[in-house]
Structure formats: structure tokens, C-alpha cells
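Down below is the structure, laid out as C-alpha cells.
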Amino acid sequence: MHNYNWLDTEREALEQVGLLRQLRNVMSAPTGTINLDGRDVVLFGSNNYLGLSTHPKVIAAAVQATRTFGTGASGSRLISGNNELYTILESNLAEVKGTEAALVFSSGYVANTSIIPVLAGEGDLILSDALNHASIIDGCRLSRATKKVYQHCDLEHLKTLLSESHAFQRRLIVTDGVFSMDGDIAPLSDICDLAARHDAMVLVDDAHGFGVLGADGGGTVEHFGLEGDKIIQMGTLSKAVGALGGYIAGSRSLIELLINRARGFIFTTGLPPATLAAANAALDIIRSTPELRQRLFSHAKCLKTALIDVGYTLLPSETQILPVVLGSPQRATRIAESLLTEGVFAPAIRPPAVPSGTSRLRLTVMATHTEAEIQQAIAGFASVFPKFC
Ligand SMILES: Cc1ncc(COP(=O)(O)O)c(C=O)c1O
């Protein structure tokens, strides 16, 4: 079996530079305290920002949908028939996003890798923020368009690249709305102004803004008071919505084109009915319960202030994502392990998820964390600080 020996060599190489990832067993639901490998720890690494994946109404909707429709979709939406739960969900999404229509995909990753090749191809230019999510990077690769990366949130750089872009047939600017590993918000109004001046399209990935930003939880576009029909909005149902799936919200023509051209839509099985029903129930709660967002941001502020008081340096995040940058992957992993012994699960994030030299702990708060859980996290961080910092 020597032709497979390279697998061991590659694995060892990853371990030596502190980049070997390992799975841990979670033996409970993603609430503020979880059972991790048999031990209770407070969870500060979940994207279940509003706690909706365990909301009784969401669970009841999922159970009911399973009873009515069974567990699986049994085929692709075009071939095996489109479950009516999709129609309800897509119309709810379009409403909250302020667009004509929406289309749900199997995941956010699939939504990005599906839409980008539909919007841009050979002869077109994609301008992509340096800190965009991997699914955007992969979507750009699949598109075969020319890609240029602009420095993170740097409008001057974006402007320069746009002013040099007129030989290309179409221009697409793509950005995270809330940056997944940094927690800052893209300057979307300014990006849209630049796009309008240079006849470019804008695609915003609102994975971490949806449900969280805006009075109704509509996300980054609502946060900036922009008109939904000027921007193509991508998002996911796997984070604040607490379910699974990605979506694109935009014009009716865009959605019809995606139904006909997006390979990640056409050539895969639909989502389980329980997931669609859960997302629908969660959307109702998101729109009717602004207190969840208030509580989330109040927790984020409290944790951020306390960690800075202890002595940690945090990136200037404006959201529920609080990055403590530590440098090398080994250092980030050691501190994460040490926190775990204090009963705090705050996973280390290492390259390629973040640029080299910026390995970090990415803390995420949930609206459903209790005060005691937040205090436990602060105490854990305070206790490991003298050992490493
Ligand atoms: C910014 C961003 N876009 C897209 C995705 C992919 O979403 P999903 O997990 O639903 O595939 C993620 C998730 O990690 C993300 O952080």
C-alpha cells in the first residue's frame, strides 16, 4: 500500500506546524452549556446565535413536517417535485430581504459556489474582499472569471481596481456582510455607490448578518437601510436561523436563471422537510422577537469589555463574533486547550480559515447564554491569561 504512504506524510506535516484539526464529540444540543466528550463546558463557538435550533416552536415544526412529509426529499427539486415548504420559505425570505424572490440551496457553501459561476465567467471580472469566506473563493475559482482581491474593506483599492476594469464584459463585487472570522461589517453603502458608478453587480454574503443585524433581523442590507433590489443577497439558514441551507435573494429574473443554470441547485437532492419547516418557524421568531438581538448584542458587549479588562487584545468587531488574535496556530491551540480545562469551549481558528500569523480564538455569543455562562467564560479567560500572555 506504499502508494498511499503520502497520506501519513501529509498528516504528520500538518501536525508539525500545529494545523492538524480533530473532531470532538458533542453529546448534547448547542445550548450555552454542552456536553463535550463527556464533560459539561460552556460553549462559545456556536453560530446558533439566537438559540433557535432548540426553540420549542422550531422543534415542533420540524417534528410535524417529518410526520407529514417523511425524512428525505427523495430527489432534486426539479425532478421529484418541489415541496410546498420551499415555496413558503422562499416567499418569507424574499419578504424579509426586501427582494422579488429567493431561492434555497442545500447549504451556504453550495449557494456561493453555485451563484458566482452564473453571474461571472470568462471575460468577466470578480473583485473580492481579501477576507471573504472560502465558499466565495471556491465560487470564484469555479467561475473561470478573472479574480482580483482588494484589501480588506479598502474602498480606495476597490475604486482603483474598478477604474481599471472597463475592458471586462461584466464586473462583480463580492463581499461578506459580516466577516466570519473578524466580526466587522463591510462598508456596503459605499461599495454599492462605487458599483453604481462603475456598472458593477454586488453580491453580499450575509451568513453572519442575517437574523442579527437590522430591526427585523434582515441583515446587512437592512442595517444600512439599502434597497434590497440593488444588491444580490446570499445567506445561510445554518447560523442565526438554526437550521441548514443557503439562499439567494434577488430579482425574479435572477432566481429563474439560477433555477436553470446553477449546478449546485440542479444536480442535488432537496433539503429534508424538517429543515425547511424549522427554518420557516425560526424566521417567524426572528422577525417578531427583536429582544433576542438586543440580548445578543448586550452579551457581546459585556464579554468584550471583560476580556479587554483582563488584558486580551480583541479585533474591533461590531457584532456577536469576538476574535482574540494570538498569532501562531500552536499558541492559539494551547490557549484553547487550557480554556477547555477551565470548562470553556472557544475553538482555535487557524489557517487557511484565517491569514497566516493571525490564528485566534473566535468567540461567538448566543442570545440564550445565561449571565452565569458569560461569567464562567470570563473567569476561564482570566485564569489562563497569566500562563500565556
Ligand atoms: C461567510 C460565510 N459564508 C458562507 C458560509 C457557508 O455556509 P454553510 O455553513 O451554510 O454552508 C459560511 C459558513 O461557515 C460563512 O461563514
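The values are calculated or read from the model by the stated rules, or taken from the named source; none is laboratory data. Note that the coordinates shown come from a computational prediction; the quantities given were computed from them, not determined experimentally. Positions of Cβ are generated from backbone atoms using ideal geometry, with glycine treated the same way; all protein chains shown enter the neighbour counts.
Computed quantities for the displayed model
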{"item": "Lone qualifier among Thr9, Thr66 - being among the β-branched types (Val, Ile, Thr) and surrounded by 12 or more Cβ atoms within 10 Å (Cβ to Cβ)", "result": "Thr66"}
{"item": "Test: residue in segment 289-308 that is crowded, with 18+ Cβ neighbours inside 10 Å, out of contact with any Lys or Arg (no Cβ under 6 Å at 6 or more places or on another chain) and not in a helix (DSSP H, G or I)", "result": "no"}
{"item": "Subset of segment 233-263 [away from the ligand (no atom under 11 Å from the Cβ), surrounded by fewer than 24 Cβ atoms within 10 Å (Cβ to Cβ) and not hydrophobic (A, V, I, L, M, F, W, C)]", "result": "Ser251, Arg252, Ser253, Glu256, Asn260, Arg261, Arg263"}
{"item": "Any hit, segment 159-166, residues being within 17 Å of Leu296 (Cβ to Cβ), touching a residue at least 40 places away in the same chain (Cβ under 8 Å) and either more than 12 Å from the ligand (Cβ to nearest atom) or surrounded by 22 or more Cβ atoms within 10 Å (Cβ to Cβ) (or both)", "result": "no"}
{"item": "Every residue from segment 119-136 that is within 16 Å of the ligand (Cβ to nearest atom) and surrounded by fewer than 18 Cβ atoms within 10 Å (Cβ to Cβ)", "result": "Ala130, Ala134"}
{"item": "The lone exception for Met181 - which of (1) more than 18 Å from the chain's Cα centre (by Cα); (2) assigned to a loop (DSSP other than H, G, I, E, B) it fails", "result": "(1)"}
{"item": "Segment 137-158, residues that are within 16 Å of the ligand (Cβ to nearest atom), in a helix (DSSP H, G or I) and either within 25 Å of Ile185 (Cβ to Cβ) or modelled with pLDDT under 95 (or both)", "result": "Ile137, Asp138, Gly139, Cys140"}
{"item": "Qualifying residue in segment 91-106 (condition: surrounded by fewer than 20 Cβ atoms within 10 Å (Cβ to Cβ) and within 11 Å of the ligand (Cβ to nearest atom))", "result": "yes"}
{"item": "Unmet requirement for Gly343, which otherwise passes all of (1) at positive phi; (2) assigned by TED's automatic domain parsing to the domain that holds Ala186", "result": "(2)"}
